[in-house]
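Worksheet: one structure, shown below.
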Amino acid sequence: MSCKRLVLILLCGSMALTFLLFSSISSDVPQSARIVGSQPDDSLPPRPPAPLHVSQETTRVVISGPLLEEPVGEVDLKELAVGRTPQDEELKRDGYDKYQFNGWLSDKIGERRRIPDTRHKTCPSQFESNLPKASIIICFFNESPTVLLRMVSSILTRTPLSMIEEILLIDDSSEMATAAAAAREAIERREEWRRAKISLHQTPKNEGLIRAKIFGAKMAKGEVLIFLDSHCEVNQHWIEPLLERIKGDRKRFVTPIIDIIDSDDMRYIGSPVCYGGFDWALTFKWDYPPRSALVNETFLISPLKSPTMAGGLFAVDRNTFFEYGGYDDGMDIWGAENVEISFRIWMCGASLEVIPCSRIGHIFRRRRPYGTNQDTMGKNSLRAAVVWLDEYFPKFIEARPHLAATPYGDVTSRIELRQRLQCKPFRWFLQTIYPSLLPGNEPLMTDLQDPLVANEGKYMIRMLNSSLCAWIDSSSSHISPGSRLTLRACTSHRMDTWKWTMNKELRNMGSARMCLDSLVNLSLMKCHNQGSHQEWHYTKDGKIYSAAAKKCVHFSDGKAAPAVMEYCALATQFDILRAQSEWR
Ligand code: UD2
Ligand code: MN
């Protein structure tokens with residue numbers, strides 16, 4: 001899923017407060033998860049168990065509160081991230097090797113933490129009563145034990161018990177036994193785990209995440225199934241809006257907004273509102289709503305139809321899931337099942353939505369730490385293409401020519417499923433649900449017609465006392481996400497020219513859909529129209545400041561190296577000049 005890099009961004013603002021480890025909890029934490037760098041305060045009295053909210057709407061007493069109380073105080077991530085000994089450095093490398101994220105830091109954070117509430121301020125806090133109960137299914141393979149424990153704690157802290165039927169932890173026959181061992185121990189020793197009916201199961205052999213999810217779904221008893229990746233933390237009221245939408249219509253598949261847990265510093269960062277798309281290679285991508293849609297604030301809290309889903313996190317009525325064909329069990333390890341289920345949902349008469357007021361953080365990693373020697377994504381997407389693309393199949397082969405002769409196994413039962421459900425043609429899907437992929441329609445240029453943007457000034461960004469300007473270093477004339485900000489002698493070329501929009505974005509004129517973004521390496525990302533890491537301020541002393549990153553744009557080495565984010569006191573100064581462009 002290439003979306004992970006794109007799943008851009010929003011705020012983060014974590015003030016360092018004291019890190020409190022509840023003695024009642026830490027006593028059960030495996031050694032590896034104990035705090036090493038900072039001093040846990042053992043003198044704190046044990047905390048009382050979380051009070052349960054008892055409502056008496058009916059004659060029955062309904063226990064509806066979460067099982068654990070919100071942790072007090074925030075973790076000082078910066079402090080924890082400091083490695084003090086050579087051993088720390090080795091453990092850090094080891095963490096990355098095993099998990100492709102900072103597993104060492106996760107161990108130091110421990111089992112519970114506060115995270116910022118990233119929901120829009122107008123998201124509701126009152127919900128319908130009698131929401132259906134969910135089986136939460138978490139499949140894992142070689143997961144970090146502390147990441148998994150923290151995830152389960154986040155669920156126990158932010159989910160009313162009355163909405164949890166059970167939590168199924170599915171160990172997909174991991175090579176490393178540590179996460180399963182930590183889960184087993186927690187189930188044995190912790191009352192909350194038993195009260196939430198948490199159980200651990202193992203597939204007979206490593207099946208890959210698709211068959212592991214089917215394995216979990218088949219044993220689930222809840223009215224609703226909720227699938228989650230094993231490296232998530234759920235946010236305030238994440239579950240209620242999902243269950244409400246399913247209660248309102250049993251044929252809705254619903255997904256939260258996937259916030260970002262930074263794989264290096266473990267910060268929890270809100271994501272902008274966006275929905276799923278794809279390209280002809282059947283690779284998932286994120287699409288952002290046009291600015292015109294954002295004028296109305298209710299847009300940011302209303303359910304949004306989404307052509308595809310990212311795959312990892314969604315909720316659906318259990319019967320609907322199976323009626324609509326679950327997953328294709330001929331798909332291996334990783335990839336494309338999310339796009340396949342999305343086509344199936346829409347074409348066969350169900351619907352798929354993003355629910356902006358439900359937020360779950362997920363660790364997006366640069367690479368997967370498993371199965372990297374086989375292209376299962378290729379084979380899986382070929383299966384999806386054969387079953388669903390109809391006359392558009394050649395478009396897929398054009399995008400993935402090397403798959404033309406790849407064996408993809410037997411898809412008879414999936415074609416029969418399509419016939420049995422009387423699903424609509426792919427042409428209908430394109431015309432009705434995802435027209436931007438139709439020839440002639442791409443790319444979505446709605447923003448360019450936006451009158452706000454049209455009237456905004458175009459500028460050159462020149463380093464103070466120099467004739468060097470910031471531009472986008474791109475070897476071809478094509479600008480792509482990830483292109484870095486660099487200096488060169490000022491010209492009036494498009495790529496040296498920036499539109500500083502009303503939203504305070506810096507849109508590069510080489511591609512007006514690309515914005516300067518401070519989240520990853522100070523590079524260009526698709527504009528998401530929602531400020532945050534794409535919001536830039538010009539300070540009185542000539543610095544270009546990102547409030548989301550709390551840092552400024554800096555060129556440490558003149559023309560030689562791309563820009564980085566730096567503390568503003570140390571950052572480069574610029575003149576902002578009106579562009580004298582000879583083009584329109
Ligand atoms: C995304 C999805 C993921 C899946 C995938 C495409 C999100 C946040 N994640 O990739 O759920 O749809 O796209 O296939 O949208 N796992 C197993 N057995 C294995 C390998 C992995 O159970 O053999 C687990 C793994 O531990 C994790 C989950 O499956 O909990 C998803 O795997 P991932 O995190 O590597 O996938 P991700 O987030 O890159
Ligand atoms: Mn994942």
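The values are calculated or read from the model by the stated rules, or taken from the named source; none is laboratory data. What you are looking at is a predicted structure, and each value in this text was computed from that prediction instead of being measured. Because the Cβ atoms are built from the backbone with ideal geometry, glycine has one as well, and the counts that use them run over all protein chains shown. For the accessible areas, the whole protein counts, side chains as well, though only heavy atoms, and no ligand, DNA or RNA atoms are used. Shrake-Rupley method; radii C 1.70, N 1.55, O 1.52, S 1.80 Å.
Side notes on the structure shown:
- The test for being touching a helix residue (DSSP H, G or I) at 6+ places or on another chain (Cβ under 7 Å), at pLDDT 95 or above and either outside any loop (DSSP other than H, G, I, E, B) or not assigned by the TED database to the domain that holds GLU166 (or both) holds for LEU91.
- Enumeration of residues in the range 181-197 that are open to solvent by less than 10 Å² (accessible area, probe 1.4 Å) and either over 14 Å from ARG150 (Cα atoms) or among the hydroxyl-bearing types (Ser, Thr, Tyr) (or both): ALA196
- Test set (1) at pLDDT 85 or above; (2) part of a loop (DSSP other than H, G, I, E, B); (3) open to solvent by 50 Å² or more (accessible area, probe 1.4 Å); (4) under 24 Å from PRO307 (Cα atoms) - CYS423 fails condition number: (3)
- The range 358-378: number of residues that are more than 11 Å from ligand 2 (Cβ to nearest atom) and of a type in the set (Lys, Arg): 3
- Odd one out for LEU105, checked against (1) at pLDDT 95 or above; (2) under 27 Å from ALA196 (Cα atoms): (2)
- Selection status of PHE343, under 25 Å from the mean Cα position of the chain (by Cα) and not in a loop (DSSP other than H, G, I, E, B): yes
- Of all the residues in the range 488-497, those that are among the basic types (Lys, Arg) and part of a loop (DSSP other than H, G, I, E, B) number 0.
- In the range 166-179, residue farthest from GLY216 (Cα to Cα) [restricted to those that are surrounded by fewer than 21 Cβ atoms within 10 Å (Cβ to Cβ) and in contact with a Ser or Thr (Cβ under 6 Å, 6 or more places away or on another chain)]: SER173
Residues are listed down the side, and each one gets a yes or a no for (1) hydroxyl-bearing (Ser, Thr, Tyr); (2) out of contact with any Lys or Arg (no Cβ under 7 Å at 6 or more places or on another chain); (3) not in a loop (DSSP other than H, G, I, E, B):
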| position | (1), (2), (3) |
| --- | --- |
| PRO272 | no, yes, no |
| ALA281 | no, no, no |
| LYS285 | no, yes, yes |
| PRO289 | no, yes, no |
| ALA293 | no, yes, yes |
| ALA310 | no, yes, no |
| ASN319 | no, yes, yes |
| ASP328 | no, no, no |
| GLY335 | no, yes, no |
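- Residues that are part of a loop (DSSP other than H, G, I, E, B) and either in contact with a His (Cβ under 6 Å, 6 or more places away or on another chain) or open to solvent by 20 Å² or more (accessible area, probe 1.4 Å) (or both) within the range 132-147 comprise LYS133, PHE141, listed in sequence order.
- The range 365-391: number of residues that are of a type outside the set (D, E, K, R), in contact (Cβ under 8 Å) with a residue 60 or more places away in the chain and more than 20 Å from ASP172 (Cα to Cα): 3
- Listed by first and then second residue, the pairs linking a residue in the range 229-241 that is farther than 10 Å from ILE138 by Cβ to a residue that is away from ligand 1 (no atom under 14 Å from the Cβ) and in a loop (DSSP other than H, G, I, E, B), with Cβ atoms under 6 Å apart and 6 or more places separating them unless they lie on different chains, are GLU233/ILE115; GLN236/ASP117; ILE239/THR159; GLU240/PHE127.
- Identity of the residue in the range 185-226, in a strand (DSSP E or B) and within 16 Å of ligand 2 (Cβ to nearest atom), that ends up farthest from the chain's Cα centre (by Cα): GLY208
- Odd one out for ASP229 among (1) within 16 Å of ligand 2 (Cβ to nearest atom); (2) surrounded by 22 or more Cβ atoms within 10 Å (Cβ to Cβ): (2)
- Residues (out of contact with any strand residue (DSSP E or B) (no Cβ under 6 Å at 6 or more places or on another chain) and either over 10 Å from ILE360 (Cα atoms) or within 16 Å of ligand 2 (Cβ to nearest atom) (or both)) located in the range 238-250: GLU240, LEU243, GLU244, LYS247, GLY248, ASP249
- Checking each residue in the range 498-513 for being buried (at least 23 other Cβ atoms within 10 Å of the Cβ) and either assigned to a strand (DSSP E or B) or in contact with a Pro (Cβ under 8 Å, 6 or more places away or on another chain) (or both) picks out TRP498, LEU506, ARG507, ASN508.
- Hits in the range 153-178 (condition: under 24 Å from SER129 (Cα atoms) and of a type outside the set (S, T, N, Q)): ILE155, LEU156, ARG158, PRO160, LEU161, MET163, ILE164, GLU165, GLU166, ILE167
- Meets criteria (within 16 Å of ligand 1 (Cβ to nearest atom) and in the same structural domain as PHE140 (by the TED database)) for PHE299: no
- Matching residues in the range 514-531 - criterion: being within 19 Å of LYS550 (Cα to Cα) and open to solvent by less than 20 Å² (accessible area, probe 1.4 Å): CYS515, LEU516, ASP517, SER518, LEU522, SER523, LEU524, MET525, GLY531
- Residue that is nearest to the chain's Cα centre (by Cα), among those in the range 514-524 that are under 16 Å from TYR288 (Cβ atoms) and assigned to a strand (DSSP E or B): ASP517
- Condition check for ASP287: more than 23 Å from TYR327 (Cα to Cα), within 16 Å of ligand 2 (Cβ to nearest atom) and either open to solvent by less than 40 Å² (accessible area, probe 1.4 Å) or not assigned by the TED database to the domain that holds ILE167 (or both): no
- Against the test of being touching a His at 6+ places or on another chain (Cβ under 7 Å), open to solvent by less than 40 Å² (accessible area, probe 1.4 Å) and touching a residue at least 40 places away in the same chain (Cβ under 8 Å), the options ALA549, ALA563 yield a single qualifying residue, ALA563.
- In the range 308-338, the residues that are aliphatic (A, V, I, L, M) and away from ligand 2 (no atom under 16 Å from the Cβ): ALA315, VAL316, MET331
- Condition check for SER306: surrounded by 21 or more Cβ atoms within 10 Å (Cβ to Cβ), polar (S, T, N, Q) and within 21 Å of SER199 (Cα to Cα): no
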